[in-house]
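K.L.:
Okay, handing you the structure first.
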Amino acid sequence: MPTLLLEIEGMKCGGCVRAVEQRLREQPGVAAASVNLLSRTAWIDLESTPAEALPDLITALSGLGFEAQARDQGEDPLSRRQRQQQRSWWQQWRQLVVALALVLVSSLAHLAMLGLLGQGTLASLLGNQWFHGLVATAALAGPGRQILVNGARGLAHGVPGMDSLVGVGLASAYGASVVGLLWPSSGWPCFFNEPVMLLGFVLSGRFLEERARYRTGWALEQLAQLQPDTAQLLVAPGQTRPLRVGGLRPADVIVLAPGDRVPVDARVRQGMGCVDVSALTGEPLPLIAAPGVELAAGSLNLEAQLELEVLRSGADSAVARIMALVEQAQARKAPIQGLADRVAGRFSLAVLALAAATFLFWWQWGTRLWPQVLQPAADMGHAGHGLHGMHGVLGQHAETPLALALQLAIAVLVVACPCALGLATPTAITVGSGLAARRGLLFRGGDAIEMASRLTTVLFDKTGTLTLGRPLVTAVLPQPGTTAEALLALAAGVEAGSRHPLAHALQQEALRRDLTPVAVTGASAVVGDGVQAVLADGTIARVGRLGWLQQQLPLPLPPELLAQGAALAAQGGTLLAVASGEALLGLVQVADQPRADAAATVARLRQLGLGLGLLSGDGAAPVQQLGAQLGLADDELAWEQRPEHKLTQLEARRGAGPVAMVGDGINDAPALAAADLGIAVGTGTQVAQDSAGLVILGDRLEAVPEAIGLARATMARVLQNLAWAFGYNLIVIPIAAGLLLPRFGLLLTPPLAALLMASSSITVVLNALLLQDGNRSGT
């Protein structure tokens with residue numbers, strides 16, 4: 001299904017996210033849409049081509065007041081980083097400078113109104129309400145204009161968001177001040193410096209939030225930096241010239257010096273050395289790079305100079321594909337985010353209604369029920385040394401019902417924080433998926449991370465998952481008068497022309513022992529039994545089943561040899577007999593060995609409290625043997641399992657909770673797709689990886705408990721963020737509405753409300769970043 005990634009500007013809170021998602025899903029040809037507030041992107045599944053759907057989607061979002069453009073998914077990931085680096089100092093810090101200037105002017109005005117700046121010219125200027133009116137007008141027309149415009153646009157389209165709440169608060173304070181300044185007899189309060197300070201705190205909070213958001217993409221940024229900017233293109237023998245990575249094309253030849261990173265996916269043409277691939281796969285041991293070996297972009301050349309042939313361009317490299325998968329994963333939401341989005345979508349409307357109710361209550365009834373909440377005019381005048389009279393400081397108790405009602409209503413508008421609700425889940429998911437990608441763990445989305453955190457059972461395939469997936473020689477039993485080396489050299493020579501996995505195991509063992517296979521001619525396979533060939537002296541040599549050789553040899557086999565063979569067969573694997581002429585030379589056991597980290601992986605999963613199971617298509621003996629080696633109980637083993645049988649086992653184990661399936665082969669794909677979470681090892685087949693919700697790059701089985709642990713830590717941050725976001729609004733909004741004012745005299749001023757609102761969003765982002773810092777230190 002075609003997909004499209006949109007970059008959307010103007011989203012500030014969960015209400016914006018819900019509005020954008022609804023508008024996108026309403027468009028013809030859109031099958032699904034997922035919007036990420038943190039990255040300000042939308043991942044869209046289309047029923048038509050992106051070129052056909054894009055203009056209508058952009059127009060639809062423009063009608064809501066959001067600017068959108070398509071991101072080129074073939075774009076070099078470096079160019080995005082370079083665009084960020086090209087932003088000037090002023091562009092990055094202008095918002096903070098303007099915000100601090102506004103807060104400074106407003107603070108000085110408060111000091112002047114309280115008579116703390118003396119009676120000089122500066123104090124007279126700062127105490128002049130006409131001056132404050134001019135400053136407030138400039139502030140709202142300049143840095144505050146975008147907030148007012150976006151807020152009004154959201155209200156007009158019925159999708160109010162954070163800008164709408166702040167905009168109504170700013171406009172209310174400014175409008176009341178204008179009325180109070182132009183018509184003093186109206187009794188309306190005049191506090192121009194308050195919307196100025198309010199705007200300053202809002203802009204400061206957004207700057208800090210933006211900087212914190214940028215840090216959540218640290219892991220993805222580290223991935224992008226694995227791909228160098230330039231490569232050394234070989235233009236003639238011994239002659240190279242630098243070329244941008246984006247200019248490389250398949251079949252180009254590049255030269256890689258020691259200490260350089262591979263710029264694009266390439267194949268070694270000349271040279272041999274060690275290459276560090278840990279940045280992409282987490283593999284601790286270096287890869288031996290020899291002619292014919294493929295190297296992924298981002299790998300680090302440790303030793304000799306290598307000559308490489310480009311296989312894929314920079315935009316199609318392993319680094320770019322991993323980054324695209326991570327970005328897509330961050331756009332796919334965790335189910336738990338649905339509640340926050342539903343609440344945030346209606347949150348702003350509820351806050352507007354509550355602010356209106358707060359205003360009406362305190363204006364008409366509240367001050368009559370509790371007259372002590374009003375500040376006497378004489379006290380206000382004394383506090384300000386007669387400078388302002390009715391032009392009070394909004395940070396103190398108001399002296400009229402209208403001023404108090406307006407103050408509390410603005411505080412309700414400003415203190416409410418739909419941003420925290422909208423950011424609670426995506427910030428943690430972004431950090432968690434980025435960290436996972438850095439470790440060679442690719443979650444397909446937030447839903448996969450949430451499911452991994454909830455798992456109760458993990459089921460494994462055997463061959464290629466818990467085992468190496470390739471048979472190895474595990475035992476050699478030569479007969480008296482024959483050495484193990486002679487036995488293996490003969491067996492490797494007879495099997496030299498075979499492509500059978502058992503033949504490969506014999507040849508690999510001979511190579512490991514630095515043996516030269518015996519020369520043979522006329523090799524032929526006997527289907528189901530073995531291989532026979534003719535030696536140089538005309539003798540027939542055979543390698544195959546022990547029962548087959550018993551039929552071919554005229555003399556009975558020694559009983560002690562048969563007993564040794566039975567003992568080896570009981571251990572699992574395949575027993576091969578080797579004969580030359582009419583003499584049996586010995587036995588060789590070939591078995592698929594467990595991965596080096598298989599036992600530790602099983603033990604770690606048990607420590608995490610997970611149930612385990614092994615599903616294999618092999619017979620009972622090798623499955624039970626492997627289970628005994630790994631510490632799996634008999635009731636956790638199932639053998640002779642066809643793909644449809646594995647599906648039945650999955651359903652049977654689902655009663656205890658979500659089940660994960662770990663596999664690597666084509667026959668595992670149905671089980672991976674049917675499991676609550678499919679986990680594919682990166683060395684497996686492509687169809688297995690496509691069916692999985694979690695792909696493990698490299699050859700580390702121990703990454704399975706690592707991924708589950710990271711998912712649990714990520715979802716713990718999500719729950720903490722949601723608890724904070726809901727708890728903050730449930731506690732602070734009633735206080736802002738004046739709940740504690742009659743009994744305790746506690747009044748939440750709009751500037752303080754703005755500070756709390758900003759702190760709420762920043763707290764959510766910083767809590768997600770603790771996941772990053774904790775995992776850096778290994779906690």
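The values are calculated or read from the model by the stated rules, or taken from the named source; none is laboratory data. As the structure is a prediction and not an experimental result, all values here were calculated from the model. Positions of Cβ are backbone-derived with ideal geometry, glycine not excepted, and every protein chain shown enters the neighbour counts. We work out accessible area using only protein heavy atoms, side chains counted, and drop any ligands, DNA or RNA first. Shrake-Rupley method; radii C 1.70, N 1.55, O 1.52, S 1.80 Å.
K.L.:
Considering only the range 456-482, state which residues are at positive phi and in a strand (DSSP E or B).
P.N.:
Listed by number, the list holds a single entry, Gly469.
K.L.:
If we scan the range 708-716, do we find a residue that is touching a strand residue (DSSP E or B) at 6+ places or on another chain (Cβ under 7 Å), at pLDDT 90 or above, hydrophobic (A, V, I, L, M, F, W, C) and closer than 21 Å to Ala596 by Cα?
P.N.:
No, the range 708-716 contains no residue that is touching a strand residue (DSSP E or B) at 6+ places or on another chain (Cβ under 7 Å), at pLDDT 90 or above, hydrophobic (A, V, I, L, M, F, W, C) and closer than 21 Å to Ala596 by Cα.
K.L.:
Mind telling me which of the residues Val35, Val20, Val98 ends up being over 23 Å from the mean Cα position of the chain (by Cα), modelled with pLDDT of 75 or more and hydrophobic (A, V, I, L, M, F, W, C)?
P.N.:
Val98 is the lone residue from the list that is over 23 Å from the mean Cα position of the chain (by Cα), modelled with pLDDT of 75 or more and hydrophobic (A, V, I, L, M, F, W, C).
K.L.:
Then there's this: Which residues, counting only those in the range 743-752, are surrounded by 14 or more Cβ atoms within 10 Å (Cβ to Cβ) and either of a type in the set (A, V, I, L, M) or in a helix (DSSP H, G or I) (or both)?
P.N.:
Leu747, Leu748, Pro750, Pro751, Leu752
K.L.:
Among what's in the range 559-580 and is open to solvent by 20 Å² or more (accessible area, probe 1.4 Å) and small (Gly, Ala, Ser), pick the residue that is nearest to the chain's Cα centre (by Cα).
P.N.:
For the range 559-580, the residue satisfying everything is Gly573.
Yes or no, residue by residue, for (1) touching a His at 6+ places or on another chain (Cβ under 9 Å); (2) open to solvent by less than 20 Å² (accessible area, probe 1.4 Å); (3) in contact (Cβ under 8 Å) with a residue 24 or more places away in the chain; (4) not in a strand (DSSP E or B):
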| position | (1), (2), (3), (4) |
| --- | --- |
| Asp699 | no, no, yes, yes |
| Ala707 | no, yes, yes, yes |
| Val718 | no, yes, yes, yes |
| Ala725 | no, yes, yes, yes |
| Pro734 | no, no, no, yes |
| Asn767 | no, no, yes, yes |
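K.L.:
Could you please find all residues in the range 484-503 being out of contact with any strand residue (DSSP E or B) (no Cβ under 9 Å at 6 or more places or on another chain) and not in a helix (DSSP H, G or I)?
P.N.:
Selection gives Arg499 alone.
K.L.:
List the strands (runs of 3 or more DSSP E) inside the range 268-313, counting only whole elements, that have at least 2 residues being modelled with pLDDT of 90 or more and open to solvent by less than 40 Å² (accessible area, probe 1.4 Å).
P.N.:
306-310
K.L.:
Could you give me the residue pairs with C-beta distances under 7 Å whose first residue belongs to the range 347-370 and is in contact (Cβ under 8 Å) with a residue 12 or more places away in the chain, whose second residue is polar (S, T, N, Q) wherever it lies, and which are 6+ apart or on separate chains?
P.N.:
Qualifying pairs under 7 Å: Ser348/Ser164.
K.L.:
Can I ask one more? Which is modelled with pLDDT of 85 or more, over 29 Å from the mean Cα position of the chain (by Cα) and among the charged types (D, E, K, R), of Asp56, Asp45?
P.N.:
After ruling out the rest, the residue left standing is Asp56.
K.L.:
Would you point out the residue of the range 155-184, among those that are in a loop (DSSP other than H, G, I, E, B) and open to solvent by 40 Å² or more (accessible area, probe 1.4 Å), that is nearest to Ala403 (Cα to Cα)?
P.N.:
The residue in question is Trp183.
K.L.:
Any idea how many residues of the range 457-488 are out of contact with any helix residue (DSSP H, G or I) (no Cβ under 6 Å at 6 or more places or on another chain), open to solvent by less than 10 Å² (accessible area, probe 1.4 Å) and modelled with pLDDT of 90 or more?
P.N.:
Residues in the range 457-488 being out of contact with any helix residue (DSSP H, G or I) (no Cβ under 6 Å at 6 or more places or on another chain), open to solvent by less than 10 Å² (accessible area, probe 1.4 Å) and modelled with pLDDT of 90 or more: 2 in total.
K.L.:
Over 30 Å from Gly445 (Cβ atoms), at pLDDT 85 or above and open to solvent by 30 Å² or more (accessible area, probe 1.4 Å): is that true of Ala152 in this structure?
P.N.:
The answer is yes for Ala152.
K.L.:
Quick check on Gly481: is it within 53 Å of the chain's Cα centre (by Cα) and under 20 Å from Ile540 (Cα atoms)?
P.N.:
Here the answer is no, as Gly481 does not meet what is asked.
K.L.:
Could I ask something else about it? For the range 189-240, name all the residues that are in a loop (DSSP other than H, G, I, E, B) and either surrounded by 22 or more Cβ atoms within 10 Å (Cβ to Cβ) or modelled with pLDDT under 70 (or both).
P.N.:
Hits for the range 189-240 are Pro189, Cys190, Phe191, Phe192, Gly217, Leu226, Gln227.
K.L.:
Would you mention how many residues in the range 133-146 are part of a helix (DSSP H, G or I) and surrounded by fewer than 22 Cβ atoms within 10 Å (Cβ to Cβ)?
P.N.:
Matching residues across the range 133-146 total 9.
K.L.:
Also, quick follow-up: Could you please let me know if Ala591 is open to solvent by less than 10 Å² (accessible area, probe 1.4 Å), in contact with a strand residue (DSSP E or B) (Cβ under 7 Å, 6 or more places away or on another chain), assigned to a strand (DSSP E or B) and within 24 Å of Thr483 (Cβ to Cβ)?
P.N.:
Spelling it out, it is not the case that Ala591 is open to solvent by less than 10 Å² (accessible area, probe 1.4 Å), in contact with a strand residue (DSSP E or B) (Cβ under 7 Å, 6 or more places away or on another chain), assigned to a strand (DSSP E or B) and within 24 Å of Thr483 (Cβ to Cβ).
K.L.:
With the checklist (1) modelled with pLDDT of 90 or more; (2) open to solvent by 40 Å² or more (accessible area, probe 1.4 Å) in hand, flag the one item Ala660 doesn't pass.
P.N.:
(2)
K.L.:
For the range 433-455, give me each residue that is open to solvent by 30 Å² or more (accessible area, probe 1.4 Å) and not in a helix (DSSP H, G or I).
P.N.:
Those that are open to solvent by 30 Å² or more (accessible area, probe 1.4 Å) and not in a helix (DSSP H, G or I): Arg439, Arg444.
K.L.:
Looking at Glu651 and the list (1) over 30 Å from Val351 (Cβ atoms); (2) open to solvent by less than 60 Å² (accessible area, probe 1.4 Å); (3) part of a helix (DSSP H, G or I); (4) modelled with pLDDT of 85 or more, which single condition is not satisfied?
P.N.:
Unmet condition: (2).
K.L.:
Looking at the range 513-532, which of its residues are buried (at least 17 other Cβ atoms within 10 Å of the Cβ) and either of a type in the set (Lys, Arg) or touching a Lys or Arg at 6+ places or on another chain (Cβ under 8 Å) (or both)?
P.N.:
Listed by number, the residues that qualify are Gly530, Val531, Gln532.
K.L.:
In addition: Would you point out which residue out of Ala492, Ala496 is among the hydrophobic types (A, V, I, L, M, F, W, C), over 30 Å from Arg606 (Cβ atoms) and open to solvent by 50 Å² or more (accessible area, probe 1.4 Å)?
P.N.:
Among Ala492, Ala496, only Ala496 is among the hydrophobic types (A, V, I, L, M, F, W, C), over 30 Å from Arg606 (Cβ atoms) and open to solvent by 50 Å² or more (accessible area, probe 1.4 Å).
K.L.:
May I ask you to verify whether Gln550 is of a type in the set (S, T, N, Q), open to solvent by 20 Å² or more (accessible area, probe 1.4 Å) and in contact with a Leu (Cβ under 9 Å, 6 or more places away or on another chain)?
P.N.:
yes
K.L.:
Ok, one more. Give me the residue from the range 241-253 that is open to solvent by less than 70 Å² (accessible area, probe 1.4 Å) and in contact with a Ser or Thr (Cβ under 8 Å, 6 or more places away or on another chain) and, out of that set, farthest from Gly432 (Cα to Cα).
P.N.:
So the residue we want is Leu243.
K.L.:
In addition: What's the total number of residues in the range 594-616 that are over 27 Å from Glu509 (Cβ atoms), open to solvent by less than 20 Å² (accessible area, probe 1.4 Å) and assigned to a helix (DSSP H, G or I)?
P.N.:
Summing the residues that are over 27 Å from Glu509 (Cβ atoms), open to solvent by less than 20 Å² (accessible area, probe 1.4 Å) and assigned to a helix (DSSP H, G or I) in the range 594-616 gives 2.
K.L.:
Report whether or not Leu626 is part of a loop (DSSP other than H, G, I, E, B) and surrounded by 15 or more Cβ atoms within 10 Å (Cβ to Cβ).
P.N.:
When the stated conditions are applied, Leu626 does not pass them.
Listed here are the residues, each with its yes/no results for (1) at pLDDT 90 or above; (2) in contact with a helix residue (DSSP H, G or I) (Cβ under 6 Å, 6 or more places away or on another chain).
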position	(1), (2)
Pro558	no, no
Leu562	no, no
Ala567	no, no
Leu575	no, yes
Leu587	yes, yes
Gln593	no, no
